[in-house]
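Read the structure below first, then the notes.
Derivation of every value follows stated rules applied to the coordinates shown; laboratory data play no part. This is a predicted model, so every value here is computed, not measured. Cβ atoms come from the backbone with ideal geometry, glycine included; neighbour counts cover every protein chain shown.
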Amino acid sequence: MNIFRFAGDMTHLMSILILLLKIYATKSCAVGISLKTQELYALVFLTRYLDQFTDYVSLYNSVMKVVFIASSLAIVWCMRRHPLVRKSYDKDLDTFRHQYVLLACFVLALLLHEIFTFQEVFWAFSIYLEAVAILPQLVLLQRSGNVDNLTGQYVLFLGAYRGLYIINWIYRYFTEDHFTRWIACVSGLVQTALYADFFYYYYLSWKTNTKLKLPA
Amino acid sequence: EDAKNAHDEL
């Protein structure tokens, strides 16, 4: 494992922990956390890590899989079941039609996968779903206009994770003999592109030292 | 390279 991938995993973990701590500390998911995005991410981890008990790669991978599944489920649980957090959730702003995205990703996974097995189709599904799972969150931020600091940092860390994974793939492409994984790389590029717009406005707010606001 | 090896990332 190279340093870029490790840094990518750590920023990914940081983003999830920032969100979990924010919700836990403030007992609120206002302003601007999308339950739909969080449910999609939980589904991403659950469908990708079906190999947890069948394919062992490393202790690091196995532990991280459990941490990712548990932390993403904890966020969903808080937002759905915790009495105070649940009240702070504004579902009228969280309007992205995620069911179409789920269907599209599943059809794409049935058509485009490495091997036609249950695990592999769901692995491909999780990769496609991860690429677009941030969309409800970005739409929610767009609709509410205001982005509070922690929500901004959450998306920033997620974006950093994507960027570092791309550097990791470039590094592996040049240092490993048989590094070809089109599904993960192309989906990863699409996912990172979705953040580019947000990064631009985050950069502007940082540069001018003003509160992050997205254009309507 | 087999498929197992291909999923060594998280």
Separation in nanometres of the label points that stand 7 Å from Cα toward Cβ, at A:PHE53 and A:ALA70: 1.8
Coil-residue trypsin sites (Lys or Arg not before Pro) of the stretch A:129-216, DSSP, other Cβ within 10 Å capped at 11: A:LYS211
Farthest toward positive dipole pole in the protein assembly as shown [+1 Lys/Arg, -1 Asp/Glu at C-beta], among A:ALA104, A:THR37, A:ALA160: A:THR37
Average projected area [Cα convex hull, the protein assembly as shown], square nanometres: 12.7
A:ASN149-A:ARG81 FRET efficiency (beta carbon distance; Förster radius 25 Å; 0.05 resolution): 0.45
Neighbour net charge for A:LEU212 - beta-carbon separation under 13 angstrom, K R +1, D E -1: +1
Degrees separating the helix A:35-48 axis from the principal Cα axis of chain A, which is the longest one: 10
Over chain A, relative contact order from alpha-carbon pairs under 8 Å, at least 6 apart, %: 31
Candidates A:ASN146, A:ASN168, A:ASN61: whichever shows maximal mean-square fluctuation once chain A is modelled as a Gaussian network with Cα springs under 10 Å: A:ASN61
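Work out the length of the dipole vector of the stretch A:129-216 about its Cα centre, built from +1 on the beta-carbon of each Lys and Arg and -1 on the beta-carbon of each Asp and Glu, and round it to the nearest 20 debye.
Using Cβ point charges on Lys, Arg, Asp and Glu, the stretch A:129-216 gives about 300 debye.
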Simple Cβ-charge dipole of the stretch A:73-145, Lys/Arg +1 and Asp/Glu -1, about Cα centre, in debye nearest 20: 480
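So if I average 1/r over every pair of distinct C-alpha atoms in the stretch A:45-93 and take the inverse, what Kirkwood radius in Å does that give?
Computed over the stretch A:45-93, the radius equals 12.6 Å.
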Neighbourhood charge, 14 Å Cβ-Cβ cut-off, centred on A:VAL121 and excluding it, Lys, Arg +1 and Asp, Glu -1: -2
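All other residues with a Cβ under 12 Å from the Cβ of A:THR11 taken together, and with Lys, Arg as +1 and Asp, Glu as -1, what is their net charge?
Values: positive: A:ARG5, A:ARG162; negative: A:ASP9.
Combined, the nearby Lys, Arg, Asp and Glu give +1.
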Relative contact order %, the stretch A:102-190, counting alpha carbon pairs below 8 Å whose residues are six or more apart: 27
Using alpha-carbon coordinates, inclination of helix A:182-207 to the longest axis of chain A, degrees: 30
Cα-based Kirkwood hydrodynamic radius, the stretch A:149-216, one decimal, Å: 13.5
Taking the C-alpha atoms of the stretch A:1-135, convex hull volume expressed per residue in Å³: 119
Cross-link partners of A:LYS65 among aspartates and glutamates (Cα-Cα below 13 Å; sequence separation of 8 or more within a chain): A:ASP9, A:ASP51, A:ASP55, B:ASP8, B:GLU9
Max mean-square fluctuation residue, GNM over chain A, Cα-Cα springs under 10 Å, options A:VAL107, A:VAL147, A:VAL155: A:VAL107
Helical mean residue ellipticity (222 nm; -39500 (n - 2.57) per DSSP H run of 4+; nearest 500) of chain A: -25000 deg cm²/dmol
Within a Gaussian network of chain A (alpha carbon springs, distance under 10 Å), most fluctuating of A:GLU114, A:GLU176, A:GLU130: A:GLU176
Folded to 0 to 90 degrees: helix A:135-144 orientation relative to chain A principal axis, Cα: 10
Between the stretch A:48-64 and the stretch A:99-121, the Cα center-to-center distance that results, in Å: 21
Charge dipole magnitude, Cβ of K and R +1, D and E -1 - the stretch A:1-150, Cα centre, debye nearest 20: 600
Under 15 Å from A:LYS213, Cα to Cα: aspartates and glutamates that are on another chain or at least 8 residues apart: A:ASP148, A:ASP197
